[in-house]
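Encoded as structure tokens, the structure appears first; notes follow it.
The values are calculated or read from the model by the stated rules, or taken from the named source; none is laboratory data. Just so it is clear, the structure is predicted and the values come from calculations on it, not from any experiment. A quick note on method: Cβ atoms are made from the backbone with ideal geometry, for glycine too, and the neighbour counts reach across all protein chains shown.
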Amino acid sequence: MFTLEIVEQYSAKLLDANQAYSFINFASIGRVFEQTPGTVAYFCDGMLMSTFMSRVTGRTIGRVSFDFTSIADLVLGNAEQSGKRVYFVGARQAELDLFIVKIKALYPQLTIAGHHHGYFSAAQAEGIRADICRSGADILIVGLGAGLQEQFELEALRAGFRGVAFTCGGFIRQEALATRQYYPALINRLHLRAFYRMYREPHTIKRYLIDYPGNFLRLLTLLARHKVAISVGE
């Protein structure tokens, strides 16, 4: 049986953990079941997933995403105030460069321990993980796409990284290319983020219109057959 560990809500105390965290919605959850079980704990990324998990578990599971509509500012702001060192992995080099400039402007006192683009081979990944460990980073933020990013953060922990790791999906690229913030305030307030992203990034249309319903039915089937168990942590 596959056990899916869901985090009930975000708390600043998580920043002191030596743990890998990621985010699931009905597009990415299919990749979770294809992975070798590890020690990744998952937040519910999106209102549909948080509502579904709340119903299934009988607990109030909050919607948590790694972007500026949710916990990105909380994590980076806390790191800046407490002197924690942050390492970023993801996006193309040009996008990453723009992102780092933007983050330095938003958080001028933030210590960036290092950064690396997300286009590297399996052989190069070992060297990147070694650099993360040498950097003394306290927080690792990884945006490599569902599946790859969870594997990378788990392997970073196994390589000796002693901090907390978060995946961030397309956050680095999106913020690099956004004039201000990726989601306009009105879009965020009306919970229309999925529709806005389909408008901005047409390649995500399949994800929302096909992968969402397909993975929803798959998860229901796995739960009904007792092939998936859900545990909830705070």
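Quick notes on this structure:
- Long-range neighbours under 7 Å by Cβ, at least six apart or interchain, first residue within 13 Å of residue 48 (Cβ to Cβ) within region 185-197, second crowded, with 16+ Cβ neighbours inside 10 Å: 193/69; 193/183; 193/187; 194/208
- You will find that of 26, 33, 52, the residue that is outside any helix (DSSP H, G or I) and out of contact with any His (no Cβ under 6 Å at 6 or more places or on another chain) is 26 and no other.
- Given (1) in contact with a Lys or Arg (Cβ under 8 Å, 6 or more places away or on another chain); (2) touching a residue at least 40 places away in the same chain (Cβ under 8 Å); (3) of a type outside the set (Phe, Trp, Tyr); (4) not in a loop (DSSP other than H, G, I, E, B), index of the condition residue 69 fails: (4)
- Within region 189-234, considering residues that are among the hydroxyl-bearing types (Ser, Thr, Tyr) and closer than 22 Å to residue 22 by Cα, the one surrounded by the most Cβ atoms within 10 Å (Cβ to Cβ): 212
- Among residues of region 36-49 being touching a helix residue (DSSP H, G or I) at 6+ places or on another chain (Cβ under 8 Å) and not in a strand (DSSP E or B), the one that is surrounded by the most Cβ atoms within 10 Å (Cβ to Cβ) is 49.
- Residues that are closer than 21 Å to residue 14 by Cα and surrounded by fewer than 22 Cβ atoms within 10 Å (Cβ to Cβ), drawn from region 140-153: 151
- Meets criteria (among the aliphatic types (A, V, I, L, M), part of a helix (DSSP H, G or I) and within 21 Å of residue 16 (Cβ to Cβ)) for residue 75: yes
- Residue check: residue 186 meets all listed conditions (1) of a type in the set (A, V, I, L, M); (2) assigned to a helix (DSSP H, G or I); (3) surrounded by fewer than 19 Cβ atoms within 10 Å (Cβ to Cβ); (4) in contact with a strand residue (DSSP E or B) (Cβ under 6 Å, 6 or more places away or on another chain) but one, namely (4).
- Restricting 194, 156 to residues that are modelled with pLDDT under 95 and either under 30 Å from residue 12 (Cβ atoms) or part of a loop (DSSP other than H, G, I, E, B) (or both) narrows the list to 194.
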